[in-house]
Amino acid sequence: MGGGRTVAALAIPGLAVAAVCRREPAVAVCPLAVVGAEGRVVAVNREAWRRGVWPGQAEGRLSAEVVRRRSAEEEENAIRQRVVTRLLAVTPAVEENRRGRWVMDLSGTERLHGQAGVVTLDGLVRELGREFPVVGGVGSGRPVALMAGEAAWRSGLDWLRVLSGQESRFLGPLPVGLLPRMGQRTVARLQRLGVVRIAQLLQCPQEALLRVFGPRAVLWRQVATGQDPLPWRLSDGATQRLTVELEPGLALQKEESLRALVAGGCETLGAGLRQAGHHAVGLGLVWVDWDGVRREKSLRLETAEQGFQGLLEAVWAGLQSLRQRRVMVRRVIIRVERVVAHRPRDLFAPDDEAARRRAGALDRTLDAIRDRFGGNAVKRGILLAAESATTLREVMPR
């Protein structure tokens, strides 16, 4: 991510605390610590944190003024489902970073909601905040947004925004413990080396950090400069098991014929998604050469897709990157790995309304042909179209 994008982090500080307060509202104004089965604190509210209580502390060390409650798993799950449903109504690009913390890519939502992404976040925080404490952060990538949210919570703010280009200036004074994959023992080791703030970490030679801490040091430096190097893991609430295996014969090894075969597979996947009411946001591709060499690739789609055209463009581009040798292909596997189970309302679609109408009309026509003549009728039609280069170019963009 990054590079002019708008990424927001939304958190319920101590989801277990919110669950207890939902079941017992009277304790919300007290310093509250939720204790797990092992007798240690699993979550605290802001009042308890100000009194020096933190997760991981032993229950026996809590003072008498701190209210203690056991975790309420059922209420936690209800809150999580409520939040995920609300966030997916804003954008299909939602990642559950960890329990009680979510990250959203709000880039492109201006056209859908008629307002800037930061205004959308402000409305979300206020709406959800009426039920449980919520804080947020905004930045050009996940690490910056997450740390902005953490800084907002510690400062008593509802949400905090880091402007593009100001990432290093914002991150520099923050403690190194906020960086990803930074445990308490690692923080203690860095502190013994005189590294307390992120700015101090950047001043250390990377070679020295690599010798002491290994590859994690590279990740820390990337995050400390505002980069977002880790892959997104979308919190879609569903995994769609749709797979198409294509086994081209010798007669189908030509470029146009192979493209037509892939197009037929994408049409089949799109039909399955449309029937289930799902949109794909992640695909898995497998390319097997004639001599058995196998290569795989995972794709995160820029737009949530269930249409023939969008799926074909993404799949064909991905397969071209896997086709590294001038060897005939034995098998191609296209697998839908992640879906959103709601219509994203053309969230990231192009502004060309006519193009959207044409793509939708094509999918509806293909569905009607399949319903009347069977599922293989569409595939046969696409393969026959491969005999005419002009027709094929109209159906399948390069």
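The values are calculated or read from the model by the stated rules, or taken from the named source; none is laboratory data. This one's a predicted model, so the numbers in the text were calculated from it and none came from an experiment. Don't worry about glycine lacking a Cβ; one is built from the backbone with ideal geometry, like all the others, and counts go over all protein chains shown. The area values use the complete protein model at the heavy-atom level, side chains included, leaving out ligands, DNA and RNA. Shrake-Rupley method; radii C 1.70, N 1.55, O 1.52, S 1.80 Å.
Conditions: (1) buried (at least 18 other Cβ atoms within 10 Å of the Cβ); (2) free of Cβ contacts under 8 Å to residues at least 40 places away in the same chain. Val135 meets all but one. Number of the miss?
(2)
Considering only segment 200-209, how many residues are at pLDDT 85 or above and not in a loop (DSSP other than H, G, I, E, B)?
Adding up the residues that qualify gives 4.
With Pro55, Pro13 as the choices, which residue is at pLDDT below 85, assigned to a loop (DSSP other than H, G, I, E, B), open to solvent by less than 30 Å² (accessible area, probe 1.4 Å) and within 30 Å of Gln227 (Cα to Cα)?
After ruling out the rest, the residue left standing is Pro13.
To keep it simple, each residue is scored yes or no on (1) of a type in the set (A, V, I, L, M, F, W, C); (2) modelled with pLDDT of 85 or more; (3) touching a Lys or Arg at 6+ places or on another chain (Cβ under 6 Å).
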site	(1), (2), (3)
Val134	yes, no, no
Gly137	no, yes, no
Asp158	no, no, no
Gly177	no, no, no
Thr186	no, yes, no
Arg192	no, yes, no
Ile198	yes, yes, no
Gln222	no, no, no
Thr225	no, no, no
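Got at least one residue in segment 107-121 being more than 27 Å from Ala280 (Cα to Cα) and either open to solvent by 40 Å² or more (accessible area, probe 1.4 Å) or not in a helix (DSSP H, G or I) (or both)?
Yes; the residues of segment 107-121 include at least one that is more than 27 Å from Ala280 (Cα to Cα) and either open to solvent by 40 Å² or more (accessible area, probe 1.4 Å) or not in a helix (DSSP H, G or I) (or both).
Name the residues in segment 83-106 that are open to solvent by less than 20 Å² (accessible area, probe 1.4 Å) and over 18 Å from Glu131 (Cβ atoms), would you?
Thr91, Pro92, Ala93, Val94, Glu95, Val103, Met104, Asp105, Leu106
Can you tell me which residue within segment 63-87, out of those that are in contact with a strand residue (DSSP E or B) (Cβ under 6 Å, 6 or more places away or on another chain) and not charged (D, E, K, R), is nearest to Arg126 (Cα to Cα)?
The extreme case among them is Leu87.
Consider segment 158-199. How many of its residues are open to solvent by 80 Å² or more (accessible area, probe 1.4 Å), not in a loop (DSSP other than H, G, I, E, B) and not charged (D, E, K, R)?
Here the count works out to 2.
Determine whether Ala18 is outside any loop (DSSP other than H, G, I, E, B) and either under 30 Å from Gly165 (Cβ atoms) or open to solvent by 70 Å² or more (accessible area, probe 1.4 Å) (or both).
Considered against the rule, which asks whether it is outside any loop (DSSP other than H, G, I, E, B) and either under 30 Å from Gly165 (Cβ atoms) or open to solvent by 70 Å² or more (accessible area, probe 1.4 Å) (or both), Ala18 comes out as no.
For segment 73-88, state whether one or more residues are assigned to a loop (DSSP other than H, G, I, E, B) and hydrophobic (A, V, I, L, M, F, W, C). Step through it out loud before you land on a result.
Kept after step one, since they are assigned to a loop (DSSP other than H, G, I, E, B), are these residues of segment 73-88: none.
So far as segment 73-88 goes, no, none of its residues is assigned to a loop (DSSP other than H, G, I, E, B) and hydrophobic (A, V, I, L, M, F, W, C).
So how many residues does segment 58-82 have that are modelled with pLDDT of 85 or more and either touching a Pro at 6+ places or on another chain (Cβ under 8 Å) or open to solvent by less than 40 Å² (accessible area, probe 1.4 Å) (or both)?
The number of residues fulfilling the criteria is 5.
Please identify the pairs in which a residue from segment 328-351 that is more than 16 Å from Ala263 (Cα to Cα) has its Cβ atom under 6 Å from the Cβ atom of a residue that is open to solvent by 20 Å² or more (accessible area, probe 1.4 Å) and at pLDDT 80 or above, counting only partners at least 6 apart or on another chain.
That search, which allows pairs on different chains as well, returns Met328/Trp290; Arg330/Trp290.
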